[in-house]
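S.K.: A single structure is presented below for examination.
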Amino acid sequence: MKLIIIGAPGAGKGTMSEEIINKYNIPHISTGDMFRDQIARQTELGLKAKEYIERGELVPDSITISFVKERLLQDDCKTSYLLDGFPRSEAQAEVFAQMLENKELGLDAVIYLEVDFSKLIERVTGRRICRNCKSVYHTVFSPSKVEGVCDKCGGELYQRPDDTEESLKQRLEAYNEETMPVIKYFEKLGYVKKIDASQDIENVKASLFEVLGDIK
Ligand code: ADP
Ligand code: ADP
Ligand code: ZN
């Protein structure tokens, strides 16, 4: 299965990606996780990306495209992948389309998590991530059993520095201006499966698996 998952910051991409990879065991390529890993390792790319991410802006295409393309061209993506966070701009969509055309990649569907923006402040400010295994929690909607500790691996939970109200505003602007046209583009090509992501986690998950059942 070759999938893109797309939606506003806080729509539930990471959460639903965990569900998909648990069930189908396919590589999860999260560009946000890839950038955070580069930042944690203080690589040159990480240092460049950090300032944009902290401001809630997209990392420039000149940095992002070659970085993600290299990952997508690795062998494990030939049979299946779940791409979370890319393409997010028109230039990125063009590169992706070119890869489809050249048969460097395949694509079955784009899962679009459509969410009422009024839900996002609460979701984003309550988000907690495991430093070790990157699992996603929420202080209210999906709490860990022991506060601050990952249920799955015992790792430390932390709050992303960009998960503030101010950064969310900026990220939603980037989403509206740069990512919405990407969704429209995939819609025209007939790839988009829309899911109502304003529902609670269990119901979004049920809608998701209904859609995925039709694809397989
Ligand atoms: P994204 O990857 O799209 O930014 P996440 O999956 O990280 O979104 O979810 C953002 C936050 O909201 C997380 O803390 C997650 O636990 C929580 N969350 C995800 N989906 C829902 C939902 N349907 N209802 C309530 N909270 C949710
Ligand atoms: P969210 O879960 O809130 O949607 P992500 O974890 O996917 O956020 O991404 C975090 C940040 O990383 C983004 O706000 C952006 O700065 C950067 N980023 C991730 N993917 C891309 C991309 N494809 N192009 C440019 N910047 C990106
Ligand atoms: Zn963990």
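S.K.: Out of all the residues in segment 176-192, is one or more touching a residue at least 60 places away in the same chain (Cβ under 8 Å), in contact with a Ser or Thr (Cβ under 6 Å, 6 or more places away or on another chain) and under 19 Å from Ala8 (Cβ atoms)?
M.R.: Looking for residues that are touching a residue at least 60 places away in the same chain (Cβ under 8 Å), in contact with a Ser or Thr (Cβ under 6 Å, 6 or more places away or on another chain) and under 19 Å from Ala8 (Cβ atoms), one finds at least one in segment 176-192, hence yes.
S.K.: Something else about it: Leu83: aliphatic (A, V, I, L, M), without any contact (Cβ under 8 Å) to a residue 12 or more places away in the chain and out of contact with any Asp or Glu (no Cβ under 9 Å at 6 or more places or on another chain), yes or no? Full working, then the answer.
M.R.: On the way: aliphatic (A, V, I, L, M): yes; without any contact (Cβ under 8 Å) to a residue 12 or more places away in the chain: no; out of contact with any Asp or Glu (no Cβ under 9 Å at 6 or more places or on another chain): yes.
Considered against the rule, which asks whether it is aliphatic (A, V, I, L, M), without any contact (Cβ under 8 Å) to a residue 12 or more places away in the chain and out of contact with any Asp or Glu (no Cβ under 9 Å at 6 or more places or on another chain), Leu83 comes out as no.
S.K.: Filter segment 15-44 down to residues that are farther than 20 Å from Asp108 by Cβ and of a type in the set (Gly, Ala, Ser) and give me whichever is nearest to ligand 3 (Cβ to nearest atom).
M.R.: Of everything passing the filter in segment 15-44, Ala40 is nearest to ligand 3 (Cβ to nearest atom).
S.K.: Val140 versus (1) over 25 Å from Phe67 (Cα atoms); (2) within 16 Å of ligand 3 (Cβ to nearest atom); (3) part of a loop (DSSP other than H, G, I, E, B); (4) in contact (Cβ under 8 Å) with a residue 12 or more places away in the chain: which is the lone unmet condition?
M.R.: All conditions pass for Val140, except number (2).
S.K.: For segment 173-198, which residues satisfy the criterion of being under 18 Å from the mean Cα position of the chain (by Cα) and not in a helix (DSSP H, G or I)?
M.R.: Once the filter is applied, which keeps residues that are under 18 Å from the mean Cα position of the chain (by Cα) and not in a helix (DSSP H, G or I), segment 173-198 yields Tyr191, Val192, Lys193, Lys194, Ile195, Asp196, Ala197, Ser198.
S.K.: Continuing with the same structure: Just to be sure I understand the filter: pairs with C-beta atoms under 6 Å, separated by 6 or more residues or on different chains, first member in segment 110-136 and under 21 Å from Pro87 (Cα atoms) and in contact (Cβ under 8 Å) with a residue 60 or more places away in the chain, second member more than 9 Å from ligand 1 (Cβ to nearest atom) and among the aromatic types (Phe, Trp, Tyr). Which pairs pass?
M.R.: Partner pairs satisfying both residue conditions: Val110/Phe186; Val110/Tyr191.
S.K.: Moving on to the next point. Does Arg41 meet the test of being of a type outside the set (A, V, I, L, M, F, W, C) and surrounded by 19 or more Cβ atoms within 10 Å (Cβ to Cβ)? Explain how you work it out, then say what you get.
M.R.: Numbers: of a type outside the set (A, V, I, L, M, F, W, C): yes; surrounded by 19 or more Cβ atoms within 10 Å (Cβ to Cβ): no.
Answer is no for this residue.
S.K.: Moving on. So which residues in segment 193-216 are surrounded by fewer than 17 Cβ atoms within 10 Å (Cβ to Cβ) and either of a type in the set (A, V, I, L, M, F, W, C) or free of Cβ contacts under 8 Å to residues at least 40 places away in the same chain (or both), if there are any at all?
M.R.: Result: Gln199, Ile201, Glu202, Asn203, Ala206, Phe209, Glu210, Val211, Gly213, Asp214, Ile215.
S.K.: Being within 16 Å of Ser30 (Cβ to Cβ) and either assigned to a helix (DSSP H, G or I) or over 17 Å from the mean Cα position of the chain (by Cα) (or both) narrows it down to one residue among Gln98, Gln92; which is it?
M.R.: Every option except Gln92 fails the conditions.
A short reminder: the numbers here are calculations on the coordinates, not readings from a lab. These numbers come from a predicted model, not from an experiment. Here Cβ is always computed from backbone atoms with ideal geometry, including for glycine, and neighbour counts include all displayed protein chains.
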